[in-house]
Amino acid sequence: MEDQPQPDTPRTALCRTMRQLAARGWAQGTGGNFSLLLSSQPFRLLMAPSGVEKGDVTPDDLIVVNGSGAVVEGSGKASAETALHLAIVERLGAGSVLHSHSVYATILSRHFAAHPAITWEGYEMQKGIAGVTTHDSVLRLPILANNQNMPQVALEVLQLLVQHGNPYGILLAGHGLYAWGKDLFEAKRHLEIFEFLLEVRYHELLLRNGTPL
Ligand SMILES: [Zn+2]
């Protein structure tokens, strides 16, 4: 008899997403982190433990943290970046936060570090971001200086997002991209859209400088 497919659970869904994103090269060297809200009352956030290869994480390896970032389930250690995940989930109402360390996010966040944001206008792919209905609009991805003090970064991110509304993504200069959404599906779509647009911008810069691709 054939094995019946197992129903999707938050744990299997998050592991599958991490496997897919790691396969794109967005979480090399154990980089990146990924989380999914299990419940608000009490606050329970499912996430990958720190210091592990994100593409190899199994459902049982995942940890659950509370609103203070303390591990309440699982044996792994919570990442230093947990504070930022918590701030985005609790303050912006996100259901999932996906954080990549991609090459394009790293290069462009440094290249544009003196600018408040990277903007795109006229691209059909902008419509992949929630609330965007036409390419004829301006999409902004704010940039913030990197800092090893993640609670401080979380505070600055929230202040910045108050100015920008909820742009569903933010770049930390020389570090990587955070993207989020109301659920895992939307967060993944937002991460992919921003990564696509960053890659496009990188190649446009080369073309504009007359450098062969
Ligand atoms: Zn990171």
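Only Cα pairs under 8 Å and at least 6 apart count here; give the relative contact order of the stretch 11-105 as a rounded whole percent.
30 percent.
Projected onto the charge dipole of the chain (+1 at Lys/Arg Cβ, -1 at Asp/Glu Cβ, origin at the Cα centre), which of Ala117, Ser40, His101 gives the Cα projection farthest towards the positive end?
The listed residue farthest towards the positive side: Ala117.
Need one number: the % of Cα-Cα pairs in the stretch 61-129 sitting beyond the 18 Å mark.
On the way: 1405 of 2346 pairs.
Cα-Cα pairs of the stretch 61-129 separated by over 18 Å account for 60 percent.
222 nm [θ] for the chain, helices only, -39500 (n - 2.57) per DSSP H run of 4+, per residue, to 500?
Computed ellipticity for the chain at 222 nm equals -11500 deg cm²/dmol.
Leaving out ligands and nucleic acids, note down the accessible area per residue over the stretch 94-180 with a 1.4 angstrom probe, in whole Å².
44
In the chain, what percent of the accessible surface is made up of carbon and sulfur (1.4 Å probe, ligands and nucleic acids excluded)?
Carbon-and-sulfur percentage of accessible area, whole number: 51.
Using unit Cβ charges (K, R positive; D, E negative) and no other charged atoms, how large, in debye to the nearest 20, is the dipole of the stretch 1-96 about its Cα centre?
Dipole size: approximately 340 debye.
Run a plain Debye calculation on the stretch 98-200 (Cα atoms as equal point scatterers, no solvent) and give log10 I(q)/I(0) at q = 0.15, 0.16 Å⁻¹, rounded to two decimals, same order as the q list.
Relative scattering, expressed as log10 I(q)/I(0), comes to -0.55, -0.63.
How much accessible surface area, in Å² rounded to 10, belongs to the heavy atoms of Thr17 with a 1.4 Å probe?
Answer for Thr17: close to 10 Å² accessible.
Project the alpha carbons of the stretch 1-116 onto their principal axes and report the range along each, largest first, in whole Å.
The Cα atoms of the stretch 1-116 stretch 58, 35, 24 Å along their principal axes.
Taking the Cα centre of the stretch 112-187 as origin, work out the dipole magnitude from +1 charges on Lys and Arg Cβ and -1 charges on Asp and Glu Cβ, in debye rounded to 20.
Around 120 debye, computed over the stretch 112-187.
Once the dipole of the chain is set up with Lys and Arg at +1 and Asp and Glu at -1 on Cβ about the Cα centre, which of His190, Gly169, Ala70 lies farthest towards its positive end?
Gly169
Mean 1/r over all different Cα pairs, inverted: what Kirkwood radius does the chain give, in Å?
17.6
Skipping prolines and chain starts, which residues have an amide H placed within reach, meaning under 5 Å, of the one on Gly181, given they are 5 or more residues away or on another chain?
Those qualifying (amide H under 5 Å, at least 5 residues apart or on another chain) are Gly95, Ser96, Ala187.
Mind checking the dipole of the stretch 48-189: about its Cα centre, +1 per Lys or Arg Cβ, -1 per Asp or Glu Cβ, Debye to the nearest 20? Write out the running numbers ahead of the final one.
Details: 9 positive and 13 negative charges, 62 e Å.
About 300 debye.
The values are calculated or read from the model by the stated rules, or taken from the named source; none is laboratory data. This structure is a prediction, so every number in the text was calculated from the model and none was measured. For neighbour counting, all protein chains shown are included, and Cβ atoms are generated from backbone atoms with ideal geometry for every residue, glycine included. What goes into the accessible areas is simple: the full protein's heavy atoms, side chains included, and nothing from ligands, DNA or RNA. Shrake-Rupley method; radii C 1.70, N 1.55, O 1.52, S 1.80 Å.
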